[in-house]
């Protein structure tokens, strides 16, 4: 079995991680994967090819960034049309067909080449990301998202919100399969727990044993989420000066918030750790008392499955979140985290304090998170579900992977 994965993102950003980990773990099960994405460089005029392992190869396409939303998508679209027409593969799995650079090659693969087509839906564009674009781009993205999946043999999706959207668009339920995300930190959970040096990790951050440490992992937070975090930590700081928040990732705090809450940043109550490798993120999770997953109460957030949730479930730490959408669904289903009001920073602060003061409840939440990861949100289990989808399309009822 040969699968061609098509993704619009540049390397190491956004849905790229979903594609990469699905490909990596399917390759470990003997599936041949060829993945195509954009170069991670801002200016790269070459097509580059490399092998991740014996069954997984990756091609990056040219990328030249000359605007916020303009990075050479049209050129990559023509390259991808050529690739889907002439590469050898059994199934095309197209991620983010709302983008014409993916949706149009997907149409060519199905209607011209006659290949089996799987479309993946993991973010909300119509009523979400598309609304950040001007007319007519907004309308094009919205139309492609709703209509290109009609040509698919199967549709994979990440959340109950998107499942509802598919039903509203009258897609047959037997055509749609939920394929969630798991973790991004590629670590051995048993070794992680066993080698968890709590005090050593705090010394690296310059923190005392007594400090109450909150860690939040993520690259992008909308203004509303940043404001909620700042208001929550400001409220908590007035209750206890020993509470610290470490933000790990590509976080750019809005200047108005940085000015308003400058004392929190000046006194290092809020610490910006910056961008780092997935495995280094584990060093920040080790000394944490709890992991914070802040969200905004929008359809965009309700539709997605943040990969850091998989990391959190695996990290053997208590999760606190003003959860919406899929995050709320999973935390409640497995009793794997503390859920606060989506828009109330004081309620979020109270939930954090209650977590600090309730070690017995914290242990139960940790057990729920570990159960969720072991039963449902790990890549071997998720990719086995996806391989079943592929086998069904190819008529391999006996489970053959060839």
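Coordinate-derived values only; no laboratory data. Please read all numbers here as calculations on a predicted model, not as lab measurements. A quick note on method: Cβ atoms are made from the backbone with ideal geometry, for glycine too, and the neighbour counts reach across all protein chains shown.
Describe numerically, in nm with one decimal, the distance between label points set 7 Å from Cα along Cα→Cβ at residue 360 and at residue 51.
5.7
Test of understanding: extend the Cα→C-beta vector of residue 147 to 7 Å, then name every residue of the stretch 111-140 with backbone N under 13 Å from that spot.
In the stretch 111-140, the label zone of residue 147 (backbone N under 13 Å from the point 7 Å along Cα→Cβ) covers 139-140.
Fewest Cβ neighbours within 10 Å first, please rank 79, 85 accordingly.
Fewest-to-most ranking of 79, 85: 85, 79.
Compute the Cα gyration tensor for the stretch 5-119, then decide on rounded, prolate or oblate, letting a ≥ b ≥ c be the square roots of its eigenvalues: rounded whenever a/c is under 1.5, prolate when a/b is larger than b/c in the other cases, and oblate in all that remain.
Taking the square roots of the gyration eigenvalues as a ≥ b ≥ c, the stretch 5-119 is oblate.
(i) 26, 56, 18, 0; (ii) 24, 44, 22, 9, 1; (iii) 23, 58, 19, 0: which one is P(r) over Cα pairs in 20 Å bins from 0, in percent as calculated from this entry?
(i)
Using the 10 angstrom Cβ neighbour count as an exposure proxy, how do 143, 107 rank, fewest first?
143, 107
Tell me the relative contact order for the chain as a rounded percent, counting alpha carbon contacts under 8 Å between residues six or more apart.
Relative CO of the chain lands at 14 percent.
May I ask for the angle, rounded to the nearest 10°, between helix 15-28 and the longest principal axis of the chain, with both axes built from Cα atoms and the value confined to 0 to 90°?
70
Suppose the chain between residue 86 and residue 299 were pulled fully straight at 0.36 nm per residue; how much longer would it get relative to their current alpha carbon spacing?
Taking 0.36 nm per residue and subtracting the Cα distance, the gain is 72.9 nm.
Using only alpha-carbon positions, what ratio does the radius of gyration of the stretch 117-181 give when scaled by 2.2 N^0.38 Å?
Compactness ratio reported: 1.09.
Gap in Å between the Cα centre of the stretch 288-322 and the Cα centre of the stretch 39-74?
Cα centroid to Cα centroid, the span is 29 Å.
Counting other beta carbons within 10 Å of each Cβ, put 247, 74 in order, fewest first.
Neighbour counts put them in this order, fewest first: 74, 247.
Compute the distance from the alpha-carbon center of the stretch 332-374 to that of the stretch 217-274, in whole Å.
Cα centroid of the stretch 332-374 versus Cα centroid of the stretch 217-274: 20 Å apart.
Rounded to the nearest 10 degrees, what's the angle between the helix 137-147 long axis and the longest principal axis of the chain, both from Cα atoms, 0 to 90?
Long axis of 137-147 versus the principal axis of the chain: about 70 degrees.
Between residue 169 and residue 64, what is the label-point separation in nm under the 7 Å Cα-to-beta-carbon projection?
Distance between the two pseudo-spin positions: 3.3 nm.
Angle, helix 359-375 long axis vs. longest principal axis of the chain, Cα atoms, 0 to 90°, nearest 10?
Value to nearest ten degrees: 10.
Along the Cα→Cβ direction, 7 angstrom out, place labels at residue 263 and residue 211. What is the inter-label distance in nm?
Going by the 7 Å Cα→Cβ label model, 1.9 nm.
What does the extension gain come out to for residue 332 and residue 275, with contour length at 0.36 nm per residue minus their alpha carbon separation?
This chain segment gains 17.5 nm when fully extended.
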